[in-house]
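Enquirer: Shown below is the structure under consideration.
The values are calculated or read from the model by the stated rules, or taken from the named source; none is laboratory data. These numbers were taken from a predicted model, which means no experiment stands behind them. Please note: Cβ atoms are built from the backbone with ideal geometry, for glycine as well, and neighbour counts cover all protein chains shown. Keep in mind that these areas ignore ligands, DNA and RNA; they rest on the heavy atoms of the full protein, side chains included. Shrake-Rupley method; radii C 1.70, N 1.55, O 1.52, S 1.80 Å.
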Amino acid sequence: MPAFPSDVPFAPAIVADRDIALSYAVDSSFRPPVPADFTVVRARDEADVAAVLQEAQAHGIPVVPQGARTSLTGASCAVEGGIVLNVEHLQGIDIDPVEGHAWVGPGVVTAELKAAAAEAGLFYPPDPASADTSTIGGNVATNAGGLCCVKYGVTADYVKALEVVLPGGARMRTGKRTAKGVAGYDLTGLFVGSEGTLGVVTRARLALLPAPEPALTALATFPSLEAAVGAILALRADPHRPCLLEFLERASIAAIQAIGDYGFPRDCDAALLVQSDRPGHAAEDVQRYAVMLTAAGASEVAVADTRSEGELLMQGRRMLNYALERKGNRLAEDACVPIARLADFVHAGQDISARTGIEITLSGHGGDGNLHPSLFFDDEPGSWQRAEAALDQVLQAALDLGGTITGEHGVGTQKRRHLVWELGAAEIARQRAVKAVFDPAGIMNPGKVY
Ligand SMILES: Cc1cc2nc3c(=O)[nH]c(=O)nc-3n(C[C@H](O)[C@H](O)[C@H](O)COP(=O)(O)OP(=O)(O)OC[C@H]3O[C@@H](n4cnc5c(N)ncnc54)[C@H](O)[C@@H]3O)c2cc1C
């Protein structure tokens, strides 16, 4: 561990127990490397964050900002050692119903903010599937998406202002405290999705919406991918767009049905789950969606009349992650393509699977064109490497279709080598130059993104 003088102000926040410290060394990515030499600081407040960043800058020590460690890309691992700066203790939710916002500490768990907003009759829409554990700081730093983006957008759409501590310990404020404001560059947007490479977010001002109605659900199965994608395009064009539009293809449906009967027919090529939460009109919306799904070629459509019936229809989707995990070792991936190219992307993944012999499932947030390919491998020598090579082809296919190598999970360590495929060397150089403005010594989350 880097040795610190006993009088550093954050000394009481250093985790002394090696086993506890080790649990902070890695995130939820596949086989993250455990650093040899690192210190965990569980900041008690903003002053601890500033003191750590001052000390780190003075001695050129890497700093890895960290929330709940649910990152799937290695972004919150201390790959180069140094200081793991965990900010889960930085709490606080201060809701202002007149401004329609909340000031939130970075350690607040996403689901806790959603519950606090609901208690105030308001709504914080971003809902990553990890919402019960991930933190607001992590969500801001990864620009987290989730299931309801098709109607409500991603975390960036709700971040109005930030308080940040920069390397060296300087405090910085981005954005505005008012409903409107256009003075200066949008540095809030720069920090959202920056994966801890610029500074540490210590407070966020997040927009809240009026609470919607509890969602109602329809489930449709399709004899072809093209029919399912046709339905997605029609639903997106509806004047009252669904608040959830999830896509499952044949292999994902088979994985779900392998763990229990969730009501999917085995011989369908695709399924869609569709929800409306429009106040006063959810029932009418799902009935209209059902007509549209049938017109697009659905072989079966089930509409839930109540929220609890809807939960039953959603159960299979909620089991997907577990079902895929049970199948064995996998790369749990993320790519996004223009929505109209979704069927092409799924076909490309299936072709890559047939060519390489690597089993690949492709399901996810169909309404956004954002799928989570899973690539399976075993413990035989070379199997993981073959899955990685197949992943390269899947990501290249997404790029060839006009898409991106990551829709919501970010770059971290795992997609560093793919980033240049998407951005090109000149753009990477410009982005590095921007990073250097905030982090001239390069201590913030090194080994990630760039
Ligand atoms: C089961 C599961 C489901 C998931 N589903 C989704 C999903 O639907 N949508 C989605 O987008 N993601 C999803 N994820 C990925 C992950 O949950 C998100 O990226 C989440 O935003 C990370 O939050 P965290 O608190 O765990 O952050 P961490 O993993 O601790 O950190 C993530 C990144 O944020 C940085 N960071 C954390 N806190 C700060 C801070 N205060 N200041 C500056 N940088 C900071 C870290 O350095 C790191 O780069 C899922 C993960 C799992 C395990």
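Enquirer: Output the number of the condition that Thr404 fails; it satisfies all remaining conditions of (1) among the polar types (S, T, N, Q); (2) over 24 Å from Val154 (Cβ atoms); (3) open to solvent by 20 Å² or more (accessible area, probe 1.4 Å).
Expert: (2) is the only condition that Thr404 fails.
Enquirer: Quick check, is Gly168 on the phi > 0 side of the Ramachandran plot, open to solvent by less than 40 Å² (accessible area, probe 1.4 Å) and either without any contact (Cβ under 8 Å) to a residue 60 or more places away in the chain or among the β-branched types (Val, Ile, Thr) (or both)?
Expert: Judged against the criteria, Gly168 is not a match.
Enquirer: Could you tell me which residue of the stretch 180-214 is surrounded by the fewest Cβ atoms within 10 Å (Cβ to Cβ), considering only residues that are within 16 Å of the ligand (Cβ to nearest atom) and among the charged types (D, E, K, R)?
Expert: That would be Arg203.
Enquirer: Something else now. I need every pair where a residue in the stretch 63-82 that is within 17 Å of Thr133 (Cα to Cα) has its Cβ under 6 Å from the Cβ of a residue that is more than 6 Å from the ligand (Cβ to nearest atom) and in a strand (DSSP E or B), sequence separation at least 6 or different chains.
Expert: Listed pairs, sorted by first residue: Pro65/Leu85; Gln66/Val84; Gln66/Asn86; Leu72/Ala332.
Enquirer: Then there is this: Given the criterion within 16 Å of the ligand (Cβ to nearest atom) and among the hydrophobic types (A, V, I, L, M, F, W, C), identify the matching residue among Leu371, Leu401.
Expert: Numbers: Leu401 fails: within 16 Å of the ligand (Cβ to nearest atom).
Answer to the selection: Leu371.
Enquirer: In the stretch 204-242, what count of residues is obtained for those that are over 24 Å from Thr361 (Cα atoms), in contact (Cβ under 8 Å) with a residue 40 or more places away in the chain and in a loop (DSSP other than H, G, I, E, B)?
Expert: Residues that pass the stated criteria total 10.
Enquirer: If you don't mind, another one. Taking His409 as the residue in question, decide whether it is within 16 Å of the ligand (Cβ to nearest atom) and not assigned by TED's automatic domain parsing to the domain that holds Ser76.
Expert: yes
Enquirer: Sticking with this one: crowded, with 19+ Cβ neighbours inside 10 Å and more than 16 Å from the ligand (Cβ to nearest atom): does that describe Ala231?
Expert: Judged against the criteria, Ala231 is a match.
Enquirer: Could you check Gly145 against (1) more than 8 Å from the ligand (Cβ to nearest atom); (2) open to solvent by less than 10 Å² (accessible area, probe 1.4 Å); (3) within 27 Å of Gly364 (Cα to Cα); (4) assigned to a loop (DSSP other than H, G, I, E, B) and say which number it fails?
Expert: Status for Gly145: all satisfied but (1).
Enquirer: Please verify whether Arg416 is open to solvent by 50 Å² or more (accessible area, probe 1.4 Å) and either within 19 Å of the chain's Cα centre (by Cα) or within 16 Å of the ligand (Cβ to nearest atom) (or both), treating the condition exactly as stated.
Expert: Criteria met by Arg416.
Enquirer: Identify all residues within the stretch 167-179 that are within 13 Å of the ligand (Cβ to nearest atom) and touching a helix residue (DSSP H, G or I) at 6+ places or on another chain (Cβ under 6 Å); write none if there are none. Explain how you work it out, then say what you get.
Expert: First, the residues of the stretch 167-179 that are within 13 Å of the ligand (Cβ to nearest atom): 167, 172, 174.
Listed by number, the residues that qualify are Pro167, Thr174.
Enquirer: What's the total number of residues in the stretch 256-289 that are open to solvent by less than 50 Å² (accessible area, probe 1.4 Å) and not small (Gly, Ala, Ser)?
Expert: 16
Enquirer: Picking from Ile14, Ile20, which residue would you name as being more than 17 Å from Pro167 (Cα to Cα), at pLDDT 90 or above and open to solvent by 60 Å² or more (accessible area, probe 1.4 Å)?
Expert: Of the residues listed, the single one that is more than 17 Å from Pro167 (Cα to Cα), at pLDDT 90 or above and open to solvent by 60 Å² or more (accessible area, probe 1.4 Å) is Ile20.
Enquirer: Right, next: If I filter the stretch 419-450 down to residues being on the phi > 0 side of the Ramachandran plot and within 16 Å of the ligand (Cβ to nearest atom), which single residue comes out as most open to solvent (accessible area, probe 1.4 Å)?
Expert: Across the stretch 419-450, the extreme among qualifying residues is Gly442.
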